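The values are calculated or read from the model by the stated rules, or taken from the named source; none is laboratory data. Predicted model only: the values in this text are computed from it and were never measured. Positions of Cβ are generated from backbone atoms using ideal geometry, with glycine treated the same way; all protein chains shown enter the neighbour counts. All accessible areas refer to the heavy atoms of the entire protein, side chains included, with ligands and DNA or RNA removed. Shrake-Rupley method; radii C 1.70, N 1.55, O 1.52, S 1.80 Å.
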Amino acid sequence: MDVERTALPGIGLQHVVTTERGRQLGIISHRSGRRDLVVYDREDPDSCVATVALTAEEANAIAELLGTGRIVEHLAELHRQVEGLVTEQLPIAPGSPYVGRPLGDTQARTRTSASIVAVVREGQVFASPRPDFVFAAGDVVVVVGTGEGTAAVAAILADG
């Protein structure tokens, strides 16, 4: 699927997606943090038929509905395809030694052979977080690996 990205000087950024059926949907990200969800006219793609202004919180909620389900769906499918693969959702407790520290400090993959594939924070999904991603209390870490590996990651996140 192609996503067309266009800078809108003085406004922000526009992303337009064309669906399989030829409909164009857009997201305009304003510098203020507001997002506009736009449905373009099928006959005249320069005209919109509907615009919905979203606050940052509303945009995050919609992103979670669209994104989180897809990640979880994909992981569930992998789990069905690969015997012995386990997916765990592990919370970062306020007392975790990794609160305020980057993912790379855990050395989770090296120490356990399990992978941290996503972090969910306040409804926002960070898929494939980089080693410099900094954990916060309340984050939920999505880990994939063997049962033993995911349990070892849980121990690392809890105790160091």
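State the number of residues belonging to the stretch 16-40 that are open to solvent by less than 50 Å² (accessible area, probe 1.4 Å) and within 16 Å of residue 4 (Cβ to Cβ).
Our first condition is that a residue be open to solvent by less than 50 Å² (accessible area, probe 1.4 Å); within the stretch 16-40, this holds for 16-17, 19, 22, 24, 26, 28-30, 33, 36, 38-40.
Those still in the list that are within 16 Å of residue 4 (Cβ to Cβ) too: 16-17, 19, 22, 24, 26, 28-29, 36, 38-40.
Qualifying residue count, the stretch 16-40: 12.
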query = Hey, among the residues in the stretch 1-15 that are open to solvent by 50 Å² or more (accessible area, probe 1.4 Å) and aliphatic (A, V, I, L, M), which one's nearest to residue 58 (Cα to Cα)?
reply = 11
ask   = Can you tell me which residues in the stretch 62-98 are modelled with pLDDT of 75 or more, touching a strand residue (DSSP E or B) at 6+ places or on another chain (Cβ under 9 Å) and hydrophobic (A, V, I, L, M, F, W, C)?
value = 62, 85, 86, 90, 92
query = Among the strands (runs of 3 or more DSSP E) confined wholly to the stretch 92-160, which include 1 or more residues that are touching a residue at least 60 places away in the same chain (Cβ under 8 Å) and of a type outside the set (A, V, I, L, M, F, W, C)?
reply = 124-127, 140-145
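Quick grid of which residues meet (1) surrounded by fewer than 14 Cβ atoms within 10 Å (Cβ to Cβ); (2) farther than 14 Å from residue 87 by Cβ; (3) of a type outside the set (A, V, I, L, M, F, W, C):
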position	(1), (2), (3)
115	no, no, yes
124	no, yes, yes
132	yes, yes, yes
141	no, no, no
149	no, no, yes
